[in-house]
Amino acid sequence: PGIYVCAKCGHELFSSRAKYEHSSPWPAFTETVHEDSVSKCMDWPGALKVSCGKCGNGLGHEFLNDGPKRGQSRF
């Protein structure tokens, strides 16, 4: 339990409360801790490239409409 932070700068990204089990080998989250936790830009339809909102460190993707509930995204 706790807060997941950027490995490069320590900026707060995700809470363990938003973590859930997914078939991917990486941790999956439904939402960020703060609105400015991450920055996003379109990578391909249905996926946004996600970076740390403070230092720009690459974090992977937000997959739109792929969360545990209808309409939720998966980080």
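Odds and ends about this structure:
- Counting the residues of region 43-75 that are among the small types (G, A, S), within 17 Å of E12 (Cβ to Cβ) and in a loop (DSSP other than H, G, I, E, B) gives 2.
- Residue pairs whose Cβ atoms lie under 8 Å apart, sitting 6 or more positions apart in sequence or on different chains, and linking a residue in region 45-56 that is among the β-branched types (V, I, T) to a partner that is open to solvent by 40 Å² or more (accessible area, probe 1.4 Å), are V50/S39; V50/K40; V50/G58; V50/L59; V50/H61.
- Residue match in region 34-42 (condition: open to solvent by less than 90 Å² (accessible area, probe 1.4 Å), assigned to a loop (DSSP other than H, G, I, E, B) and touching a residue at least 40 places away in the same chain (Cβ under 8 Å)): no
- In the set G2, G56, G71, only one residue is at pLDDT 95 or above, on the phi > 0 side of the Ramachandran plot and open to solvent by 40 Å² or more (accessible area, probe 1.4 Å); that residue is G56.
- Pairs, first in contact (Cβ under 8 Å) with a residue 60 or more places away in the chain in region 64-75, second among the aliphatic types (A, V, I, L, M) and surrounded by 15 or more Cβ atoms within 10 Å (Cβ to Cβ), C-beta under 9 Å, six or more apart: F75/L13; F75/A18; F75/A28; F75/V38; F75/V50; F75/L59
- Qualifying residues in region 12-33 (those that are among the charged types (D, E, K, R) and over 16 Å from D66 (Cα atoms)) - the one surrounded by the fewest Cβ atoms within 10 Å (Cβ to Cβ): R17
The values are calculated or read from the model by the stated rules, or taken from the named source; none is laboratory data. Bear in mind the structure is a predicted one, so any value in this text is a computation, not a measurement. All Cβ positions, even for glycine, are placed from backbone atoms using ideal geometry, and neighbour counts span all protein chains on display. We work out accessible area using only protein heavy atoms, side chains counted, and drop any ligands, DNA or RNA first. Shrake-Rupley method; radii C 1.70, N 1.55, O 1.52, S 1.80 Å.
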